[in-house]
Amino acid sequence: MPRWDIFCAVIDNYGDIAVTWRLARQLTAEHGIKVRLWVDDLRPLAALCPDADASTGRQTIDGVEIRLWAADFPAVDIADVVIEAFACTIPDSYIAAMAASAVKPRWFNLEYLSAEDWVAGCHRLPSPHPRLSLVKHFFFPGFTAGTGGLLREHDLLDRRHEFQASSAQQAEFWAQLGIASDPAAFKISLFGYENPALAELLQAWIDNPTPICCMLPDSRLTPQVSEFFEAGNTWQRGNLRVHRLPFLDQERYDRLLWACDMNFVRGEDSFVRALWAGRPFVWHIYPQTDNAHHVKLDAFLALYRQGLGSRSAAVLTGFWHSWNQIGTQPLAWQAWQAAYPQIRQHHEAWVSELAKQTDLATNLVKAACNA
Ligand code: TRH
């Protein structure tokens, strides 16, 4: 059985461990790989996966051995394949053991996701170690041929279709969350970073001619929503009702995305999951210095808009820009609503095409065989 080590340094938030944990599980379940996941902070994993114990340095969940990556790194057998996620720096002692090994492990730096043009050109490029006889390869996720693809479990879309076609599964899901689902309401999930456009959005929903039901799993937006409603316990005004939810485990969060008519997401992993949910979405991109994220957002929009009519494409771009504070135009909720049927149809077709790509875990396994 091939052995892989995945190293994850948590920078902030959930995205780093969300991606590596998802990858580790898929490699184990679908590729018969023995995976050890090293993570330097177990707390975000415990939020995503309630079975994880943040106080235990060594545990096995879903067949993945999860190890706390402490400063004092133990002497361990090196793996056949080593993944350093998001350019984290793996321990010197581990690198020395790799260099001393007769058969050198395949070593990859799994990069952040971007739709920018240069990605395909950099995917799989070698990066020789400056002193040791070791070569690391870049591995870039992406949306186009020539990139590493996107994380997608083999049965994900089947499970999603089954859920979306089953009113019984949806009713059970809402009941588990303690929500009396209003069939007439337009359902929206809301996850993001602090956002100055939030009050404008909530007001537009309050003034919406038909009911809106907003599901708010715990995030940095929650205090802002609470402030908007002046803390009260019932967040209901005009045609808007907001359901405050706890932070859900990853499985239930997927179902929330599938159950809603549209989703506000952020970062990297919830963004990809919202794509696979097959519903229109709005992406709050992870903010970077010098507004580097604006280029990244527009690169994705340029791909995602392809095939969408020009008026709907303009609405989509304008709405995403406003939500990300790009430019100064107000959030055009009514225009979004008017364009929603076209955007939804387009999203479903676009994602069906995207699903023809080989998924990231499979691409990584192939690359490890050929490196
Ligand atoms: O948490 P994030 O903001 O992570 C970010 C990004 O990955 C960013 O690129 C990176 O640089 C930065 O971290 C360090 O957003 P992201 O990537 O969407 O991760 C959130 C995860 O949380 C995702 O797996 C979905 C999951 N989630 C739940 O499981 N339950 C929930 O209730 C919610 C709201 C999210």
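The values are calculated or read from the model by the stated rules, or taken from the named source; none is laboratory data. These numbers come from a predicted model, not from an experiment. For neighbour counting, all protein chains shown are included, and Cβ atoms are generated from backbone atoms with ideal geometry for every residue, glycine included. Protein only, heavy atoms only, side chains kept; ligands, DNA and RNA dropped before computing areas. Shrake-Rupley method; radii C 1.70, N 1.55, O 1.52, S 1.80 Å.
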Item to check | Flag if Gln345 is surrounded by fewer than 21 Cβ atoms within 10 Å (Cβ to Cβ), at pLDDT 95 or above and in a helix (DSSP H, G or I) | outcome: yes
Next on the checklist: List the strands (runs of 3 or more DSSP E) inside the stretch 188-275, counting only whole elements, that have at least 2 residues being among the charged types (D, E, K, R) and either assigned by TED's automatic domain parsing to the domain that holds Thr20 or in contact with an Asp or Glu (Cβ under 9 Å, 6 or more places away or on another chain) (or both).
Outcome noted: 240-245
Checklist entry - Of (1) surrounded by fewer than 21 Cβ atoms within 10 Å (Cβ to Cβ); (2) more than 16 Å from the ligand (Cβ to nearest atom); (3) in contact (Cβ under 8 Å) with a residue 12 or more places away in the chain, Asp40 satisfies all except one. Which? => result (2)
Checklist entry - Of all residues in the stretch 338-357, which are more than 13 Å from Arg305 (Cα to Cα) and in contact with a strand residue (DSSP E or B) (Cβ under 8 Å, 6 or more places away or on another chain)? => result Tyr340
Checklist entry - For the subset of the stretch 1-20 comprising residues that are near the ligand (Cβ under 8 Å from one of its atoms) and touching a residue at least 60 places away in the same chain (Cβ under 8 Å), which member is farthest from Asp155 (Cα to Cα)? => result Ile11
Checklist entry - Out of all the residues in the stretch 234-248, which are open to solvent by 30 Å² or more (accessible area, probe 1.4 Å) and either within 7 Å of the ligand (Cβ to nearest atom) or among the hydroxyl-bearing types (Ser, Thr, Tyr) (or both)? => result Thr234, Phe247
Checklist outcome for this item: Residue set Arg67, Arg36; condition within 22 Å of the chain's Cα centre (by Cα), more than 23 Å from Leu156 (Cα to Cα) and outside the structural domain of Val265 (by TED's automatic domain parsing); output residue Arg36
Item to check | Count of the stretch 81-119 residues which are within 16 Å of the ligand (Cβ to nearest atom) and either on the phi > 0 side of the Ramachandran plot or not aliphatic (A, V, I, L, M) (or both) | outcome: 10
